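Comments concern the structure below.
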Amino acid sequence: MNTISFMSANYVPREVGYAMHGWGHGDRATNEAFRPLDTYEQRLDELLADIRELGFDAIDLWGAHLNPVWATDDHIEIALAVGTTIIAGFAPVESPLYRSRGLRVAVENHPEKTPAELGAKIGDQGATVDTHEDPSDDCGAMRMQLEEWLR
């Protein structure tokens, strides 16, 4: 049986009351909300509890919820304690902080237009596939090739 996970990026709009003015607006607000170490554990626990309440046992943690730009060893220790192993999004593929703690990065497919382009970028890391319909990018074009590539 395949595991279906919940992508915590779905909750990026929460930090702006679900009134985002573009993805960057919500992503920046999420980074700002999760950055302070003194509230990180509580915020992460609340996020994970809400997701579990929806019936999910597997969660892909979005980079704005644990960003290598601001994450400290203490942030990572908290995330590891709840079972985090992969961070999804646009985090640097070669994040020394993540790697030193055994975390892997699943890089989202932007701006790559083919699985081969994405594969060349990620090396031994993983991919998180965004297949949304946005006329400003080519996710839809990549979707046509993904089923074959992911087998």
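Quick rundown of the values:
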read-out: Inter-residue pairs, beta-carbon under 7 Å, first part of a helix (DSSP H, G or I) and in the range 14-28, second modelled with pLDDT of 95 or more and of a type in the set (A, V, I, L, M), 6+ apart; value: Glu15/Ala29; Glu15/Ala33; Val16/Ala29; His25/Val16; Gly26/Val16
read-out: Checking His21 against (1) in contact with a helix residue (DSSP H, G or I) (Cβ under 9 Å, 6 or more places away or on another chain); (2) open to solvent by 20 Å² or more (accessible area, probe 1.4 Å); (3) modelled with pLDDT of 90 or more, the condition it does not meet; value: (1)
read-out: Filter result for the condition that a residue is surrounded by 16 or more Cβ atoms within 10 Å (Cβ to Cβ) and polar (S, T, N, Q), over Thr30, Thr72; value: Thr30
read-out: Matching residues in the range 33-62 - criterion: being modelled with pLDDT of 95 or more, charged (D, E, K, R) and either surrounded by 16 or more Cβ atoms within 10 Å (Cβ to Cβ) or not in a helix (DSSP H, G or I) (or both); value: Arg35, Glu41, Arg43
read-out: Residue ID - nearest to Ala58 (Cα to Cα), chosen from residues in the range 2-13 that are open to solvent by less than 60 Å² (accessible area, probe 1.4 Å) and outside any helix (DSSP H, G or I); value: Ser5
read-out: Residue selected from the range 1-18 under the condition β-branched (Val, Ile, Thr) and in contact with a Gly (Cβ under 6 Å, 6 or more places away or on another chain), by the criterion modelled with the lowest pLDDT; value: Val12
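The values are calculated or read from the model by the stated rules, or taken from the named source; none is laboratory data. Note that this is a predicted model, so its numbers are computed, not measured. Quick reminder, even Gly has a Cβ in these numbers, built from the backbone with ideal geometry, and neighbours come from all protein chains shown. Just so you know, the surface numbers come from the protein's heavy atoms only, side chains and all, with ligands and any DNA or RNA stripped out. Shrake-Rupley method; radii C 1.70, N 1.55, O 1.52, S 1.80 Å.
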